[in-house]
1. Which one of ARG82, ARG164 is of a type outside the set (A, V, I, L, M), at pLDDT 85 or above, farther than 24 Å from SER28 by Cα and more than 21 Å from the chain's Cα centre (by Cα)?
2. Look through the stretch 1-21, keep the residues that are among the aliphatic types (A, V, I, L, M) and farther than 13 Å from SER47 by Cα, and return whichever of them is most open to solvent (accessible area, probe 1.4 Å).
3. What are the residues in the stretch 47-84 that are acidic (Asp, Glu) and assigned to a loop (DSSP other than H, G, I, E, B), if any?
4. Do we have any residue at all in the stretch 46-66 that's at pLDDT below 85, charged (D, E, K, R) and open to solvent by less than 80 Å² (accessible area, probe 1.4 Å)?
5. What do you reckon, is ASP6 over 30 Å from THR93 (Cα atoms) and outside any helix (DSSP H, G or I)?
6. Answer with yes or no whether ARG178 is under 23 Å from the mean Cα position of the chain (by Cα), open to solvent by 60 Å² or more (accessible area, probe 1.4 Å), modelled with pLDDT of 75 or more and not hydrophobic (A, V, I, L, M, F, W, C).
7. If I go through the stretch 28-43 residue by residue, how many of them are open to solvent by 60 Å² or more (accessible area, probe 1.4 Å) and either at pLDDT 85 or above or charged (D, E, K, R) (or both)?
Amino acid sequence: MDLIQDYEQQYAVLTAEVTAQIGRLGSSSAGERNKLIADIDRQLEESQELLEQIGLEIRDVPQANRAGYTSRLNCYQAEWKRLQQEFSNAKTTRPTGAAGYDSVDEFDEIGIQEDQKRRLLDNSERLERTGNYLKDSYRVVLETEQIGTQVLQDLSEQRETIHRARGRLRETDAELGRSSRLLNNMLMRALREKIVLISVAVAIFLVLFLSIYFSISSD
């Protein structure tokens, strides 16, 4: 997890630098523009490699914490795609220059200060948007992580409830088995007693019958 945080910090630094350099593209000279484009290409490639490393590290994160890291990675990937699109748009935009001025001195006196102000404002706005986007993304990640934790807790409680219910069901089955055996024993005992009573009644009947018979025969 510490390694993931290191990658995330490196990614944040790279994307901030890319955002600033994209803002300078529109007002750079031809030579500076080519250098900026090469630097941005390299930094975008490095940031993409960092995202791939984060994805590999997330595979080793415990399942309970993986959802939060995955959500953060999705936010980073969306931010990377947005930066790449802004870079593509900036490359196709015609840079501002000294055209329209009578001399280089006039451009220096009038254009540079305004251009610097505009670049600073653009860069500030871009950095502010990026910061707000990262804050919103981090808030969503925290909310997602909290929801995932609550879901896992609910599932754990439900699993314990199911285990307890299963245990009570086994105990109930055991009690029913013992009750069934006891009832069968009682029925067998009652049947034996009934047979004994019938046998005694038959024997008494036979004794009375024989007594009566012999009494009549002797008379």
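1. Testing whether each residue is of a type outside the set (A, V, I, L, M), at pLDDT 85 or above, farther than 24 Å from SER28 by Cα and more than 21 Å from the chain's Cα centre (by Cα) leaves just ARG164.
2. Among them, the one singled out is MET1.
3. ASP60
4. yes
5. no
6. No, not satisfied.
7. 5
The values are calculated or read from the model by the stated rules, or taken from the named source; none is laboratory data. Predicted model only: the values in this text are computed from it and were never measured. With ligands, DNA and RNA removed, areas are computed over all heavy atoms of the protein, side chains included. Shrake-Rupley method; radii C 1.70, N 1.55, O 1.52, S 1.80 Å.
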